[in-house]
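What follows is one structure encoded as structure tokens, with my remarks underneath.
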Amino acid sequence: MTATFRFAPSPNGRLHLGHALSALLNQDMARALGGKVLLRIEDIDTARCTPELVTAMLEDLDWIGFAAEPPHRRQSEHFADYDAALTRLKSMGLVYDAFLTRTEIRQAVALREASGTPWPRDPDGAPLYPGDAALLTADQIEARRRGGEPFAVRLDMSRAVQMAGPSLRWQETGCGPAGETGEVPADPAAWGDVILARKDTPTSYHLSVVIDDALQGVSHVVRGQDLFHATAVHRLLQTLLQLPVPVYHHHRLIADADGRKLSKSAGDTGLADLRAAGWTAADVRARIGLGKSSA
């Protein structure tokens, strides 16, 4: 079996040095194993992921010397794949429509914590979803459903974990934020009832990434440590949907001068800016600590 890697950016902003590290590390590791690397364009957010940003992303990748095997999978062209997986989870009784708004959740959290009781939070620090029944009556929920109000399709985490069993693990060849490596136990329950889709968006990152990895035959997932804990949710979905399990490798993050990870939304220096300033692809590799290319 050919080792298959993938670089899967979301074109909702310009690429930066952190993306360069992930792309080139995928490519270097694929070459070391005599395998291949794919490019996936994660553009499920069709409003923010514009054609102009896709073109710019491809130009940046070409400049740093990243060359993926065609064709490049675009998630926006495969919503039917994700819908089929969601339909299967629905048939298993593992998802539900959730109608609480962000404002209602925020108010509930603030009220609870004002009384001195901490609200449970996921590994990223976001409050866990309380469940509609915690704040709404059955009649209110049904009224929102009949009224066509926006909703999120959430995974019933308790039921899903019970169905999958307690022994979820993954093989880690990189390391987590606390140095976790080797065989790592997965704790998807720490994320609560995660969103798998919305009324107007037929998928989420968690659902689409596991479907894409399976359909593309990805054997090695190489990505940043900021996604380490999310792997627990992916292992759960892989088990529920009977999908193959890749080997995972979570790499270090590139930080700015203040020790904060680089971010597109924060306007951190992009690869295009570095190119305009006279940097070369070799300069990029040196800055991110990869040394010379083996190509």
Between THR101 and LEU33, the two model label points (7 Å from Cα along the beta-carbon direction) sit apart by a distance in nm of 4.7
Answer in debye to the nearest 20: the dipole magnitude of the range 27-121 about its Cα centre, from +1 Lys/Arg and -1 Asp/Glu charges placed on Cβ, is 520
Amide H neighbours of HIS16 at under 5 Å, excluding residues fewer than 5 places away on the same chain, with H built from the backbone geometry, are LEU271
Here FRET efficiency (C-beta to C-beta, ASP122 to ALA272, R₀ 51 Å, nearest 0.05) is 0.95
Taking placed amide H atoms and a strict 5 Å upper bound, the residues 5 or more places from LEU196 or on another chain that come that close are VAL153, ARG154, LEU155
Classified through the alpha carbon gyration tensor (a ≥ b ≥ c as square roots of its eigenvalues; rounded if a/c is under 1.5, else prolate when a/b is larger than b/c, else oblate), the range 84-162 comes out oblate
Going residue by residue through the range 238-252, the Karplus relation 6.51 cos²θ - 1.76 cosθ + 1.60 with θ = phi - 60° gives ³J(HN,Hα) values, rounded to whole Hz and with x marking Gly or Pro, of 4, 5, 5, 9, 6, 9, x, 10, x, 7, 10, 9, 9, 9, 4
Amide H contacts under 5 Å for ILE254, restricted to residues at least 5 apart in sequence or on another chain and with H modeled in the peptide plane, are LEU262
In terms of the charge dipole of the chain, which places +1 on Lys and Arg and -1 on Asp and Glu at the beta carbon, the residue among ALA110, GLY34, PRO244 farthest towards the positive end is GLY34
Charge dipole of the chain built from unit charges on the beta carbon (Lys, Arg +1; Asp, Glu -1), centred at mean Cα; most positive-end Cα among PRO127, GLN171, THR201 is GLN171
Rg/Rh over Cα atoms for the range 58-121, Kirkwood Rh, comes to 1.26
Sorted on mean Cβ neighbours within 10 Å (highest first), peptides 134-146, 67-79 come out as 67-79, 134-146
For 163-169, 16-22, ranked highest to lowest by mean beta-carbon neighbours within 10 Å, the order is 16-22, 163-169
Output ordering of 7-13, 114-120 (per-residue mean of other Cβ within 10 Å, highest first) is 7-13, 114-120
Quick calc, the chain, dipole around Cα centre from Cβ unit charges on Lys, Arg (+) and Asp, Glu (-), nearest 20 debye, gives 240
Whole-Hz Karplus couplings 3J(HN,Hα) for the range 191-196, θ = phi - 60° and coefficients 6.51, -1.76, 1.60, Gly and Pro as x, run 8, x, 7, 5, 7, 10
Between the alpha carbon centres of the range 11-80 and the range 185-245 the gap in Å comes to 18
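Values in this text are rule-based calculations from the coordinates and carry no lab data. Small disclaimer: the values here were computed from a predicted structure and weren't measured. So basically every Cβ, Gly included, is an ideal-geometry build from the backbone, and we count neighbours across all protein chains shown.
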